[in-house]
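Report on one structure; see the data block that follows.
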Amino acid sequence: MQKTVYLGMTADIIHPGLINIIGEAAKYGQVLIGLLTDNAIADHKHLPHMNYEQRLKVVENIRGVSRVVPQNEWSYVPNLKKYKPDFIIHGDDWVVKNPNVRQEVYKVMEEWCGKVIEIPYTQGINSSSLNRDILSIGTTPDIRLKALKRLLQAKSIVRVLEAHSGLSGLIVENVEVKKDSKTLSFDAMWSSSLTDSTSKGKPDIEAVDLTTRLQSITDILECTTKPIIFDGDTGGKIEHFVFTVRTLERHGISAVIIEDKTGLKKNSLFGTDVKQTQDSIEDFCEKIRDGKNAQVTDDFMIIARIESLICGQSLQDALQRAEAYSKAGADGIMIHSKNKTGEDIRQFCIKFREKNNTIPIVVVPTTYNHITEEELHSWGANIVIYANHLLRASYPAMLKVATTILENERANEADKLCMPIKEILELIPGTR
Ligand code: SPV
Ligand code: MG
């Protein structure tokens, strides 16, 4: 019987290195490709450009490939145990890049006397650098819009950070932290009414109109590729909201979140210190329905934000609204609170999930910031928004530099608080 050779891959960008390794694998027997699913990849690096079905179609048709099976986990072990191949083949770069993964593969292959083949890594070309090149070209509104739904399907929790300018957008786009075998990054951006208004020196009371908000959005769209969730405040009058939906959709925004308040909107984090009026369930449902009817694509999301806990109403009221808004066609429910324990949010999520197990729940843990993403996920949340942190970080940093210059009547002492000139010159791609 012919021997089997297992080869795990993402196969998002097909390059000579991949063809080489398939060719090498074929020398040992029938090539069984373990094609990583979006779910297997999502917690470790950014989502592939092509979805699983598209990648499958490509890989199945590469000469030398005998069979393609899904690899549902980042670890090779479950598939190796299932298929018990005679060989597994891998580039020798994993000695440095993924020593733990390598070690567990060696161990499990011993169970049936399978062999591990390591071949020299193809120098000069690899998926990561090609991927960087592709991302530097940018994206299209259509691909960006669809990306949020793909992320929701693939990830246990979608991690979103506020961006209010091109520069803050670049941080959300590019910042990465390596932790264990994972590369952590943000999945999407939040266009916050609070930080967008504040960065323009205006209060967060819907005083910054849509056209002006779109200027910040355009700056962000110009230099990033990740999906954007737009803070739509109250959505305004229903007759106006339907136009907002189409405008956002045309720009490739993935979702708008509208809150169930009327009258002069104040920022939720004031809580009951200021007058906040909640909309009636009937009127807000009508806004959701009309918004859903107005959208052109299937992928744009209208997320209903419940302000009951902000306005001092009961958990019961919040749950009743969540049910009504879901029935009206909302694509997600955001539940907000300024309670520091997060207990009210936990109870809401758990109770709501007893009735509705599918609609995405969005949470904004600004005050209950000790709760981890893993805990939020265990309550049933699907999207976590860090709603204002980049703006809140930049203001004290700027203030400190300004006061340091005044105190010393020169800039010398402030220099160590600032980014080096060389770095700022080279920060933006295409500067030279
Ligand atoms: C925003 O970021 O503008 C929000 C979230 O709406 S919050 O400020 O917490 O109300
Ligand atoms: Mg807001």
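Determine whether residue 108 is of a type outside the set (S, T, N, Q) and farther than 17 Å from residue 10 by Cβ. Give the steps one after another, and end with the answer.
Numbers: of a type outside the set (S, T, N, Q): yes; farther than 17 Å from residue 10 by Cβ: yes.
Spelling it out, residue 108 is indeed of a type outside the set (S, T, N, Q) and farther than 17 Å from residue 10 by Cβ.
Given (1) more than 13 Å from the chain's Cα centre (by Cα); (2) more than 16 Å from ligand 2 (Cβ to nearest atom), identify the lone condition not met by residue 194.
Result: residue 194 passes all but (2).
Among all residue pairs at least 6 apart or on different chains, which show Cβ distances below 9 Å where the first residue, located in region 196-214, is under 13 Å from residue 247 (Cβ atoms) and part of a helix (DSSP H, G or I) and the second is within 11 Å of ligand 1 (Cβ to nearest atom) and of a type in the set (Gly, Ala, Ser)?
210/232; 213/191; 213/193; 213/197
So, in region 345-371, how many residues would count as being surrounded by 14 or more Cβ atoms within 10 Å (Cβ to Cβ) and assigned to a loop (DSSP other than H, G, I, E, B)?
The total comes to 9.
Yes or no: residue 326 in a loop (DSSP other than H, G, I, E, B), on the phi < 0 side of the Ramachandran plot and surrounded by 19 or more Cβ atoms within 10 Å (Cβ to Cβ)? Before the answer, list the steps.
Values: in a loop (DSSP other than H, G, I, E, B): no; on the phi < 0 side of the Ramachandran plot: yes; surrounded by 19 or more Cβ atoms within 10 Å (Cβ to Cβ): yes.
Judged against the criteria, residue 326 is not a match.
Do we have residue 230 as in contact with a helix residue (DSSP H, G or I) (Cβ under 9 Å, 6 or more places away or on another chain), aromatic (Phe, Trp, Tyr) and more than 16 Å from ligand 2 (Cβ to nearest atom) here? Outline the logic, then answer.
On the way: in contact with a helix residue (DSSP H, G or I) (Cβ under 9 Å, 6 or more places away or on another chain): yes; aromatic (Phe, Trp, Tyr): yes; more than 16 Å from ligand 2 (Cβ to nearest atom): no.
No, not satisfied.
For region 239-271, name all the residues that are within 12 Å of ligand 1 (Cβ to nearest atom), buried (at least 16 other Cβ atoms within 10 Å of the Cβ) and either more than 23 Å from the chain's Cα centre (by Cα) or assigned to a helix (DSSP H, G or I) (or both).
Once the filter is applied, which keeps residues that are within 12 Å of ligand 1 (Cβ to nearest atom), buried (at least 16 other Cβ atoms within 10 Å of the Cβ) and either more than 23 Å from the chain's Cα centre (by Cα) or assigned to a helix (DSSP H, G or I) (or both), region 239-271 yields 261, 265, 266, 267, 268, 269, 271.
Has region 398-405 got at least one residue that is assigned to a loop (DSSP other than H, G, I, E, B) and out of contact with any strand residue (DSSP E or B) (no Cβ under 6 Å at 6 or more places or on another chain)? Give the derivation first.
Narrowing region 398-405 to residues assigned to a loop (DSSP other than H, G, I, E, B): none.
Checked against the condition, which is being assigned to a loop (DSSP other than H, G, I, E, B) and out of contact with any strand residue (DSSP E or B) (no Cβ under 6 Å at 6 or more places or on another chain), region 398-405 yields no hits at all.
With farther than 30 Å from residue 395 by Cβ and in a strand (DSSP E or B) as the only criterion, which of 117, 134 stands out?
Values: 134 fails: in a strand (DSSP E or B).
That would be 117, the only listed residue that is farther than 30 Å from residue 395 by Cβ and in a strand (DSSP E or B).
Please state which one of 22, 41, 33 is assigned to a helix (DSSP H, G or I) and closer than 17 Å to residue 88 by Cβ. Step through it out loud before you land on a result.
Values: 41 fails: closer than 17 Å to residue 88 by Cβ; 33 fails: assigned to a helix (DSSP H, G or I).
After applying the criteria, what remains is 22.
Would you be able to say whether some residue in region 201-216 is under 27 Å from the mean Cα position of the chain (by Cα), among the acidic types (Asp, Glu) and surrounded by fewer than 17 Cβ atoms within 10 Å (Cβ to Cβ)?
Looking through region 201-216, at least one residue is under 27 Å from the mean Cα position of the chain (by Cα), among the acidic types (Asp, Glu) and surrounded by fewer than 17 Cβ atoms within 10 Å (Cβ to Cβ).
Where a number appears in this text, it was derived from the coordinates with a stated rule and is not lab data. Keep in mind that this is a model prediction, so the values were computed, not measured. In this analysis, Cβ positions are derived from the backbone assuming ideal geometry, glycine residues included, and neighbour counts consider all displayed protein chains.
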